[in-house]
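One structure below.
Every read-out reported here was derived from the displayed coordinates using simple, explicitly stated rules and does not represent laboratory data. As the structure is a prediction and not an experimental result, all values here were calculated from the model. Positions of Cβ are backbone-derived with ideal geometry, glycine not excepted, and every protein chain shown enters the neighbour counts.
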Amino acid sequence: MEDRRSIKELCIVCRDAMTDLQVDNDQGMRISVCRQCLDASRENFIWICSHCRSVYIRPKSLVFRRLEDPGLMQAYLECQDADVIQGVDICIACDPQGVHQAVAASERANECGGHC
Ligand SMILES: [Zn+2]
Ligand SMILES: [Zn+2]
């Protein structure tokens, strides 16, 4: 017998493990992610380019250190323990000039993306 609810898909983050876990990010992308990568998102920010689907993982501690805006810093600290997998409109591979603006804009617009 087939159970459609248990169909497994490849984890989009590590592209290694099969998973039946799915999360919706703040841009409404449905992401298949394995338990291991979901756990990793507590320690790391995970960004997924909605254009080419490249995945970028940055340790939160590194991101905190580079933040200069105290308000943004506070927002991050408050949702430090949330699972954060964010979509970015476009990544550095697709648009080397625009990526920093895109990331900064999405961070500012969403603050913690409603995870707090
Ligand atoms: Zn994974
Ligand atoms: Zn891209």
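Give me the net charge for the shell around residue 52: Cβ to Cβ below 14 angstrom, other residues only, Lys and Arg +1, Asp and Glu -1. Working shown, then result.
Working: positive: 15, 53; negative: 89, 95.
Here the count lands on 0.
Amide H neighbours of residue 51 under 5 Å, at least 5 residues apart or on other chains, H built in the peptide plane: list them.
Distant-sequence amide H within range of residue 51: 91.
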